[in-house]
Structures are given as C-alpha cells and as structure tokens.
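The structure under discussion appears below in the form of structure tokens.
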Amino acid sequence: MGELRPLGDDLTDASRALAQALRDLFEGMDVSVRRYAARRQRDPGTFSRYLNGTRLPPWQVITDLFTDLAEDRGAAVTTDAIELVRRLHGSAVDAGASPKHAMEILEQQLADADRASRRSSVRGDVLGDALLDRTHRIADLEVRLSQLEADRIAERKRADELAAAHPDISGLLQERDALQLDVQQLRAELREAQALRVAAEDRCNLLERQLDAVEKSTAPLPATASQDMPKILIVDDQPGNLLAMTAVLASLDQELVTVSSGREALKALLDHEDFAVIIMDVQMPEMDGYETCAHIKRRPRNRDVPIIFLTAMGVDSEHSARGYAAGAVDYISKPFDPWALRAKVAVFTSIYLERRAQQ
C-alpha cells in the first residue's frame, strides 16, 4: 500500500483527531490512496489531503469510507465507531468554520442542484420528442380511420368487399387506443420532469444568492428599522441544538423564536405572522419534521414561509427528495457550517424584505 502523507504541521487539535481517526479506518482496507480514489471516482490529491488533515472532508466521504471498510471486513462498522467519528467531524467543522468552507459546501449544493436541473431538462426533451411522435402517429391513424369510415358510408353495398380489403381495422383501433394511453402517460411524465426542473432551477438561484451572501458576509441586510425585521423560527427537540443555532444566528439582529416540538411550532406560527424562515429538525418525537412541514403547508396563512430541514440523517437523495416533496426549500446536515447557515437565513430574510417592500 502506498504511504500516507504525514499529518499537517499547523492542524488544530480537532482536525488532527479527525484525520487520525480517518487514517486508522483507511489503513484497515490495505489499499493505496490512488487505488481507493479511483474506486470512488475522486481526485487522489484531494482524498490525500482529507487523510492528512489539511482539508475537511464532507460527511458523505466518511460515510463511503465506512461502507467500503465494512465490505472489505465482511462486517458492519459499529454504531459507537460511527458516533465517535461523527463527533470528531462536528468538532473539526466548528473549529474550521470559515467563509471558505461555507463556500465549498454551497458550491457542492449548487453543483447538485444544477445536475438535477440538467437531468430534468434532458428528460423533458426526451419525453417531448416521444410525445410528439405519439401525437403524429395518432393523427395518421385518425386520417386512415376516417378514410375507411368514409369508404364504408359511400359504398355500403360493397361492405363485405371493403371488410375483406381492410381486415386490420380492429387492429388500427387498438393501436390508436394504446397510443392515446401512451400520450397520457408521457404528458404526465413531462409535467413531472418540468416541475423537477423548475424546482432545481429555483434551488440553483437560491444557492447562488447564498454564495454571494458568504462572499459579502460583512455586508449588512437592507436598511430597515430593527423592530421591523422578520423573525426566525427554530424547531429542535434537543436543547443543545437550539442553543447552538441561537448562538450562530444571533449576529443577524433578528428575533429568534425557539420551540422544541412540531406542535409548539404550529402554535408559534399562530401567535406570530412575520417569520422570514423556519429551521426545523427532522427527527423529533410525536410529530417529526416531515409531518410538521405538511401541516404548515396546508395552512394558507403559513404555506409560503420557507422551511430549511436541518438533520443528522445525512443528505442522500432519498432523504432530500422526501424533504423537498414535503415542501422544504433546503435540506442541510448536521454538523452544520455556521457561515453556510447564516448565509441561507440572510438570503431568505432579504427575500422576505423584498416582497414586503413590493406590497
């Protein structure tokens, strides 16, 4: 196996501890950095920097490492080991939080949203071509059927001869009916693909504004009286998480309303009207974040308030798709980057102020 690069000289204690833990996991697979990077289609230089602590890896990289280690060993990694590395990763994120790291997170999210938009666009083109083909074929069949019907009316005396000359009329009818069903299906799929593209484009626009907010992190929000600034609703059943998010968002000079359950969130939305954004944990007892989001979106009074899901479950395609389907506008994982979270909240606050100024 190729040797690992030495740990960086100027690492923080948190980054050094995380890098050492990742090196221990990686060495358990007895494979070179270059070979492993090729297996996962990653840049070997970047992955090497993850292992020497000079660059903080996304949590997905660590999850892939757990998966590959379990496959090589033939046994799953223990829950205790995963939780230990998760804590080390969270400490390293907190210690290394910076505009640069937030930019990396947001740029990755922007790339994912752009990829979804392009996939939806290609899917829409394919469905559109198929729909056009089916429409043309139906039109051709209609002409042929009309001609046959005209022949039958004009030459009733020759009905037997005409039937013999055109024995496939029932087959034509069946083909037309099948094509009409295809058209209905394709139109439904096309509408779905177009909706996915619109949603992905909206996420791209939001992420570009969030990147701009990080780049201009010292720039104030539009001037307005402090008492007129919209509120932020934070929903999490863990007091420590509420305290952490309050500390991160305190610099935005907005009132923070914190609650510990979905039911308390619904009550808070009845008591207040001017929320710019809702930050909500997914895993909560009694009523989880998805169910709470669904209740909020059914209320005409609150359905337009943007919701950001903040969760420790990871941002894989299944969870993020469920979050967007429930009505969320964003979906980020714990441990979160403070700069990225502040940028997202600041953008939604600006959108709220822009809309209010137009009313």
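Here are some notes:
- Peptide ranges 182-190, 38-46 listed from the most packed, as the mean C-beta count within 10 angstrom indicates: 182-190, 38-46
- Point-to-point label distance, A139-A70, nm (Cα→Cβ direction, 7 Å offset): 5.5 nm
- Pairs of lysines in the chain (C-alpha under 28 Å apart; 8 or more residues apart or interchain): 17
- Matching label, P(r) over Cα pairs in 10 Å bins from 0, in percent computed from the structure shown, candidates (1) 5, 18, 23, 19, 13, 8, 6, 4, 2, 0, 0; (2) 4, 18, 20, 16, 14, 12, 9, 5, 1, 0; (3) 5, 21, 24, 20, 16, 10, 4, 0, 0: (1)
- For the chain, calculated [θ]222 nm from helices alone, where every DSSP H run of n ≥ 4 adds -39500 (n - 2.57): -22000 deg cm²/dmol
- Counting only alpha carbon atoms, the long axis of helix 169-215 and the longest principal axis of the chain meet at about 20°.
- Note on Q184 and E201: the extension gain reaches 3.5 nm, defined as 0.36 nm multiplied by sequence separation minus the Cα-Cα distance.
- Other residues lying with their Cβ under 13 Å from the Cβ of A95 contribute a combined charge of -2, Lys and Arg counting +1, Asp and Glu -1.
- Between helix 317-326 and the chain: long-axis angle, C-alpha atoms, 0 to 90°, nearest 10: 80 degrees
- Karplus 3J(HN,Hα) series, Hz, for the stretch 31-44 with 6.51 cos²θ - 1.76 cosθ + 1.60 (x for Gly, Pro): 9, 6, 4, 5, 5, 5, 4, 5, 4, 9, 6, 10, 6, x
- Protein heavy-atom accessible surface, 1.4 Å probe, per residue over the chain: 56 Å².
- If R0 is taken as 45 Å, the Cβ-Cβ distance between A250 and Q174 corresponds to a FRET efficiency of 0.05.
- Cα-based helix-to-principal-axis angle, 239-249 vs the chain, degrees rounded to 10: 90 degrees
- Overall, the accessible surface of the chain at a probe of 1.4 angstrom is composed of carbon and sulfur to the extent of 49 percent.
- Rounded, prolate or oblate (a/c below 1.5 giving rounded, otherwise prolate when a/b exceeds b/c) for the stretch 237-288 by Cα gyration tensor: oblate
- Each residue, D228 and S121, gets one label point 7 Å from its Cα in the Cβ direction; the gap between the two is 3.9 nm.
- Here the peptides 29-35, 201-207 are ranked by packing, the mean other Cβ count within 10 Å, and the order with the highest first is 201-207, 29-35.
The values are calculated or read from the model by the stated rules, or taken from the named source; none is laboratory data. A quick note: this is a predicted structure, and the numbers were derived from the prediction, not measured. Note that we place each Cβ from the backbone using ideal geometry, even for glycine, and neighbour counts take in every protein chain shown. Just so you know, the surface numbers come from the protein's heavy atoms only, side chains and all, with ligands and any DNA or RNA stripped out. Shrake-Rupley method; radii C 1.70, N 1.55, O 1.52, S 1.80 Å.
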